[in-house]
Amino acid sequence: MGKKPEWFKGIFPALVTPFSDGAAIDEAAYRSLIRHVLPDVNGIVPVGTTGEFVYLTEEEKHKAIDIALDEAAGHVPVVAGTGCASTRETVALTQYAKDAGAHAALVLAPYYLKPTYNEVYEHYEAVNKVGLPIILYNIPQCAGTHFKWWTAEGMAYLDNVVGIKDSSGDMPFLMALFEKIKGHVSIFCGHDEIVMAALAAGADGAILASANLIPDIWQEIYAAVRSGDLAKAQNLQARIQKLVRIVVRRGSVQAVKEGLCMMGLDVGNARLPVMPGGAFRREDREELRAQLEALGKIPPQGVQYELSSKTVHTQVPATPQTPRRISGFALKVGEGFAGPPFSELAHVDLLLGERGGPVGKAIEQALAVPHPGHEVRIVSERPRTLLVPTITVRSEKQAEHIYVCASGGVVKAIEASVADGFLPADALEDLVMIANVFVHPAAANRTRIEMNNYKAMRAAIRKAIEGRPTLEELLYERQAARHPFRYAP
Amino acid sequence: MKNLAFQARGVLPALVTPFTADEAIDEPGLRGLVQYVLPHVDGLVPCGTTGEFIYLTADEQRQVIEIVIDEVAGRVPVVAGACAPSTRQAVQLARAAQEAGASGCLVVTPYFLHPSDKGIYQHFYEVASAVDIPIILYNIPQVVDAYLPRTVVEDLADIPNIVALKDSSGNLTYTMEVLEMTDGRLDVLIGHDEVVLPALAGGCSGMILASAQVFPEIWQGVYSAVQTGDMDTARALQSSVQKLARIFCRHGGGVAVKAALNMMGVKVGKPRRPLRGQGGVLINEVRAEIRLELEKLGKIAKPVVKLPVREEPLVERFASLGLPVEVLQSNSVRLGTAVAGDGAEKVQLDLVAGPKDGPVGESYALQLTYPRHGHEALTAILEPNLTVRPATLIIPTVKLKNLRQANMIYGPTQAAVGKAIVDGLASGLIPQPAFKDEVMMVQVTIHPQALNRHRLYCNACRAMGEALQNAYTGE
């Protein structure tokens, strides 16, 4: 007989846990986050993997569960993450969630020490006795152990188990679950990259990190699959694929948190040892930002550029880091790095300034003198932009890589920056740029050279104008920064 | 021993296969290679992984084996690779090797389709049954993508002409397990250059190595030192080649070995496509690193290079950046200089800082538009996408002739300059307004043969700290 609860389907965000500067749980931000997702979700999940449960004290977990229940106020069900490494702690936390009024508990497989499957079974058997509906949770990326379908099947028959969340992304495993236990318990997908496929194949819903950022789009995908409009669901999933790939593979918690911050919801950073610029690399942040912009999640705002001759007003997709008044256009320095792959990585050293200033003078002087091996070229007139190869061009192939592929990327980045307002129409005659581009002599993949130079140039323009990295960012990374070429092979 | 003709002992190089420019087998090159290693080795192994067997036809393998046997002229045994994914092919290769006069065969775990333990057992059983010469089992999970299962090895050890296992995994828990479970029924030869010493100490009876054709005499030294229990000597020798061993094992394999031999004048040509001689698995930076390591071992001549110390007054050192003495004496410009360290890792830094909208700013912009070949400027970063401020250009004064030399600048030196600047911001040495309004240029002078990245980093960090102190406090 099936145990699928009527309420357990659809889109559930795995909520991040906001921290304030002092690293305590930021209750106000937590409540804002819940209010932000509430209109578009079927339930919420506090204290999951994305909620950094593993960095929270027992007391903090209680607090997060309490806030979630209070803010949801019965509008949507709350599934509390209660998985811990030991059975004793897991039972205690599940009991707490039950007493607090949670609808269910999401219980991950015991991690770190690797219990065998019979020990895992007995772990869930003990949690089952608490009496709260429980959802099995498979996340081998973190737990280090991957459920076998026969373990999942056995545990699904414990009387309080009502569902399973699989975050492995292992589609054949999910298909085996459908074969074995579909209809008996709810089956949820927890891997953002395959949600549409999982729903189409029969999943009841999804518990997702990226649903903090884009609950509305996930809801549309869910609805499209439910109504049988697979073409629409495919298109929607394709639109967010890059965003969710960054979230899943590039630092999850920190990616979601920085995304929310860029959208204006200040949820702070993840706790140490997770760091900004770590697994969620700075180039990923630029990319995530661009994706959020494309989805309309970071709307344009007014910014004013104080040039020496005039003030220019522009609209740019600003984040809280973007200054609203920007001056110092004599000379601005920006840097952009984008890869992998290694051979085709792009590194742009950018100078941006006013025509009459040092940058403008350097451009005219450079054009007046021949540069054997380093031929410079004007690649754009508005704004006037000089392309300079960083290292000596020794072959026709290298020349093609620089003057066709990298140059193509640079030009596209300029066009994109004109379109998004960072290079305002009213300033295109006044501003000039020098893009010093590096292409490795061993590069081969021409498409990646262009793509990486596009990303690097676009990031360099934004960083020059926004004055990034900031003093705070530099000081924060004073000890931890790791230069990739500092070490011996 | 089961077969007196061949003993799995001592040092056996896994020979590369020399090719001509049009990818044909280079017979004179192969003979030259054999002559180069012969005085120092206990046997030779053509047509192994390093020999690019996977790119050779069966006829070519036969040809290579025949040339090697002919050149060796009975002085040491030749163990021929008989490596193939199918049993049928492996049997044919082993028979051909026996006919050609090989003393034994090296047979790799069947790859690509992943057969079961039963299939793997049957594969070796059939190859062993097809010939009379000794067989060496070959575990190399890095390319086979699977281990030769230990339980299969245990059973194979009972077959009379299966005499040894070559273990290239580098996983000593596997090596020790095989030694324990075969209990003398099988000799184990270490095939991973980075762990030769511990493997020999743990009970391996010899080695088949790619690097044993580059410096066979050093491996002979390690082998005999371990035999006599002189572990200090063995450690010192292993340590002297550790970096090269790592490069050969992890940063280029046979391609790196070919590059090293070519540098030493043992001409073996390039690998076959799709591998590149350099710029592929062997990146250009690492290729340059091999040269310095070979210089250190005395395998190639070491050019004598003196570090050009800049001794003219500090205000005269920036002329090549278009900053004449008059400009540098102005109030808004800051100068600093410092030297740190000695020997090949000595670092000299000359620093100029000034407002963006003045002559220093103009020179800064010009440096990025007018890269001088070998002296290309780069922006100082803590790491990619973390540019330091005040924005700082690093300009090498000694001409960069290869990517390794460049790597010393844009790796350790750049990281050190960046770190010193951020330290200066943290301590308040560099004032807040300078963060936004100034730029800096640092001319760095480092030795072209600088090799120790950590020492270079520490020296550059110290020198930059002192130069900043100079510039911002006048001390």
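The values are calculated or read from the model by the stated rules, or taken from the named source; none is laboratory data. It should be emphasised that the depicted structure is a prediction, and the values quoted were computed from it without experimental measurement. Note that we place each Cβ from the backbone using ideal geometry, even for glycine, and neighbour counts take in every protein chain shown.
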Review point. Counting just the residues of region B:281-303 that are assigned to a loop (DSSP other than H, G, I, E, B) and closer than 15 Å to residue A:489 by Cα, which one comes out nearest to the chain's Cα centre (by Cα)?
Key: B:282
Point to revise | Failed item, numbered, when residue B:366 is tested on (1) buried (at least 24 other Cβ atoms within 10 Å of the Cβ); (2) over 28 Å from the mean Cα position of the chain (by Cα); (3) facing chain A (nearest Cβ under 7 Å); (4) of a type outside the set (D, E, K, R) | key: (1)
Revision key, fill the gap. Of the conditions (1) within 22 Å of residue B:355 (Cα to Cα); (2) out of contact with any Ser or Thr (no Cβ under 7 Å at 6 or more places or on another chain); (3) not aromatic (Phe, Trp, Tyr), the single one that residue A:363 does not satisfy is (2)
**Study point:** So residue B:397, is it of a type outside the set (Lys, Arg), in contact with a strand residue (DSSP E or B) (Cβ under 7 Å, 6 or more places away or on another chain), closer than 19 Å to residue B:341 by Cα and surrounded by fewer than 18 Cβ atoms within 10 Å (Cβ to Cβ)
**Key:** yes
Exercise for review: For residues that are under 22 Å from residue B:385 (Cβ atoms) and touching a strand residue (DSSP E or B) at 6+ places or on another chain (Cβ under 7 Å), scanning just region A:424-440, find the one that is surrounded by the most Cβ atoms within 10 Å (Cβ to Cβ).
Suggested key: A:435
Exercise for review: Assess whether residue B:409 counts as being in the same structural domain as residue B:320 (by TED's automatic domain parsing), crowded, with 23+ Cβ neighbours inside 10 Å, at pLDDT below 95 and outside any loop (DSSP other than H, G, I, E, B).
Suggested key: yes
Revision key, fill the gap. By my count, helices (runs of 4 or more DSSP H) wholly in region B:184-269 with at least 2 residues that are more than 14 Å from chain A (Cβ to nearest Cβ) are B:196-202, B:216-227, B:231-240, B:253-263
Study note, to complete from the structure: Residues of region A:354-384 being more than 7 Å from chain B (Cβ to nearest Cβ) and either more than 16 Å from residue B:367 (Cα to Cα) or of a type in the set (Gly, Ala, Ser) (or both), in sequence order, are A:354, A:355, A:356, A:360, A:368, A:378, A:379, A:380, A:381, A:382, A:383, A:384
Check your understanding: Do you know which residues across region A:220-240 are more than 20 Å from residue A:288 (Cα to Cα) and in contact (Cβ under 8 Å) with a residue 40 or more places away in the chain?
Key -> A:222
Practice item. For residues that are away from chain A (no Cβ under 13 Å) and within 22 Å of residue B:208 (Cα to Cα), tally how many sit in region B:271-299. Key: 4
Practice item. Report the residue count in region A:263-278 for those that are surrounded by fewer than 23 Cβ atoms within 10 Å (Cβ to Cβ) and either within 14 Å of another protein chain (Cβ to nearest Cβ) or in a helix (DSSP H, G or I) (or both). Key: 3
Study note, to complete from the structure: Picking from B:88, B:62, the residue that is basic (Lys, Arg), closer than 23 Å to residue B:270 by Cβ and assigned to a helix (DSSP H, G or I) would be B:62
Exercise for review: Scan region A:409-431 residue by residue and report those that are within 13 Å of residue A:315 (Cα to Cα), among the hydrophobic types (A, V, I, L, M, F, W, C) and in a helix (DSSP H, G or I).
Suggested key: A:418, A:419, A:425, A:427
Review point. Restricting the first residue to region B:384-405 and requiring it to be without any contact (Cβ under 8 Å) to a residue 24 or more places away in the chain and closer than 30 Å to residue B:437 by Cα, which pairs with a second residue that is of a type in the set (Ser, Thr, Tyr) and crowded, with 23+ Cβ neighbours inside 10 Å meet a Cβ separation below 7 Å and a spacing of at least six or different chains?
Key: B:387/B:379
**Study point:** Matching option when the condition is touching a His at 6+ places or on another chain (Cβ under 6 Å), facing chain A (nearest Cβ under 9 Å) and hydrophobic (A, V, I, L, M, F, W, C), among B:415, B:391
**Key:** B:415
Point to revise | Matching residues, region A:281-296, being modelled with pLDDT of 95 or more, crowded, with 21+ Cβ neighbours inside 10 Å and not in a helix (DSSP H, G or I) | key: none
Practice item. Check region A:125-133 and report whether any residue there is under 20 Å from residue A:77 (Cβ atoms) and among the polar types (S, T, N, Q). Key: yes
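Listed here are the residues, each with its yes/no results for (1) within 14 Å of chain B (Cβ to nearest Cβ); (2) within 19 Å of residue A:14 (Cα to Cα); (3) in contact with a Gly (Cβ under 6 Å, 6 or more places away or on another chain).
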residue	(1), (2), (3)
A:167	no, yes, yes
A:171	no, no, no
A:176	no, no, no
A:183	no, no, yes
A:187	no, yes, no
A:192	no, yes, no
A:202	no, no, no
A:234	no, no, no
A:238	no, no, no
Practice item. Output the residue which, of all residues in region B:350-363 that are facing chain A (nearest Cβ under 10 Å) and either among the charged types (D, E, K, R) or touching a strand residue (DSSP E or B) at 6+ places or on another chain (Cβ under 8 Å) (or both), is farthest from residue A:328 (Cα to Cα). Key: B:363
Exercise for review: Tell me which residues, restricted to region A:228-271, are more than 22 Å from residue A:140 (Cα to Cα) and either of a type in the set (Gly, Ala, Ser) or in contact with a strand residue (DSSP E or B) (Cβ under 6 Å, 6 or more places away or on another chain) (or both).
Suggested key: A:228, A:231, A:233, A:238, A:259, A:264, A:268
Review point. Are any of the residues in region B:338-349 in a loop (DSSP other than H, G, I, E, B), more than 14 Å from chain A (Cβ to nearest Cβ) and crowded, with 17+ Cβ neighbours inside 10 Å?
Key: yes
Check your understanding: Out of A:456, A:464, A:443, A:460, which single residue is buried (at least 22 other Cβ atoms within 10 Å of the Cβ), in contact with a His (Cβ under 9 Å, 6 or more places away or on another chain), within 13 Å of chain B (Cβ to nearest Cβ) and within 20 Å of residue A:277 (Cβ to Cβ)?
Key -> A:456
Review point. Conditions: (1) buried (at least 23 other Cβ atoms within 10 Å of the Cβ); (2) at pLDDT below 95. Residue B:168 meets all but one. Number of the miss?
Key: (2)
Check your understanding: Pairs under 8 Å by beta carbon, first residue within 7 Å of another protein chain (Cβ to nearest Cβ) in region A:469-489, partner aromatic (Phe, Trp, Tyr), six or more apart or different chains?
Key -> A:471/B:435; A:485/B:410; A:486/B:457
Review point. Given region A:146-203, what helices (runs of 4 or more DSSP H) lie entirely inside it while holding 3 or more residues that are at pLDDT below 95?
Key: A:149-156
Exercise for review: Check residue B:467 against each of (1) surrounded by 24 or more Cβ atoms within 10 Å (Cβ to Cβ); (2) out of contact with any helix residue (DSSP H, G or I) (no Cβ under 7 Å at 6 or more places or on another chain); (3) free of Cβ contacts under 8 Å to residues at least 60 places away in the same chain and name the one condition it does not meet.
Suggested key: (3)
